[in-house]
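The values are calculated or read from the model by the stated rules, or taken from the named source; none is laboratory data. Just so it is clear, the model here is predicted, and its values are computed rather than measured. Every residue, glycine as well, gets a Cβ built from its backbone with ideal geometry; the counts of neighbours run over all protein chains shown.
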Amino acid sequence: MRRGLLLFVLALAGAAVLVATALGADQSVTAGGTSDVFTPKDVTVNIGDTVTWHNATDGRPHNVAFDNGQFKMPSSPSAVPWTTSFKFQSAGVFRYYCEQHGDKGGVGMAGKVTVIDPNAPKDTTPPAITKLSVKPSTFCNNKSKKCKHKGTTVTFTLSEKASVRVDATLKKKRAKAVKAFTMNGKAGKNKKAFSANGLAPGKWKLRLVATDPAKNHSQPASASFTIKK
Ligand SMILES: [Cu+2]
């Protein structure tokens, strides 16, 4: 009976920890242990939250050095027990590493703190695709004999960085898209080589939809092209 109550209380405590993590709160990270890693490797906090690191006292020297040079503790890797904290005052992604077992850019023993601004206005502006063109608009597939243009170039302009889904559909069949892929587009002009490989001769419709990092979708943009035999 008592044991049951204890387990119940422990379960409640565990649930409280989970809720706190989900809402963004102070985080703690262990340096080292059975291997030379930071655990957890990636944490997310809100502006004003503190991340605390301590070494696992595994006998191996570790420290925490920010890639941007803003913070380094202990000043050189140490195996004696240490605890260090940093309070994040601005939003962004902060990478760090252990100078003994890692390097900048997430190499080896390294971690990442993502700091979010809970009061930041949400991005609700969808991306826009303009100036979509397929040049040349008539080309052929790699199997054809008299083929001047094996493939084409798709050019378009994005209002912001977005993931772009590209569908190609044979017009007369009203079929599902047979050639579909997703590419990472940058703000401004984008160019993508497009081959007719595996596409049947005929008139085709190309359709693009862009999705920005906040998951807003653009209006679709489309262009036609023809594949000759
Ligand atoms: Cu280390």
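Here Thr52 fulfils each of the conditions (1) away from the ligand (no atom under 11 Å from the Cβ); (2) touching a Lys or Arg at 6+ places or on another chain (Cβ under 8 Å); (3) part of a strand (DSSP E or B) apart from (2).
Per-residue answers, yes or no, for (1) among the polar types (S, T, N, Q); (2) surrounded by 11 or more Cβ atoms within 10 Å (Cβ to Cβ); (3) under 30 Å from Ser218 (Cβ atoms):
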position	(1), (2), (3)
Lys104	no, yes, no
Val107	no, yes, no
Ile116	no, yes, yes
Asn141	yes, yes, yes
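Thr157 meets all of the listed conditions (1) within 17 Å of Thr130 (Cβ to Cβ); (2) in contact (Cβ under 8 Å) with a residue 40 or more places away in the chain; (3) surrounded by 14 or more Cβ atoms within 10 Å (Cβ to Cβ) but one, namely (2). Applying the criterion of at least 2 residues that are modelled with pLDDT of 95 or more and more than 14 Å from the ligand (Cβ to nearest atom) to the strands (runs of 3 or more DSSP E) found wholly in the stretch 88-141 leaves 92-103, 107-116, 129-135.
Checking each residue in the stretch 56-80 for being of a type outside the set (Lys, Arg) and not in a strand (DSSP E or B) picks out Ala56, Thr57, Asp58, Gly59, Pro61, Asp67, Asn68, Gly69, Gln70, Phe71, Ala79, Val80. Take the conditions (1) in contact (Cβ under 8 Å) with a residue 12 or more places away in the chain; (2) within 12 Å of the ligand (Cβ to nearest atom); Ser35 misses just one of them, which is (1).
Please enumerate the residues belonging to the stretch 201-229 that are closer than 28 Å to Lys122 by Cα and not in a strand (DSSP E or B).
Within the stretch 201-229, Asp212, Pro213, Ala214, Lys215, Asn216, Ser218, Gln219, Pro220 meet the criteria.
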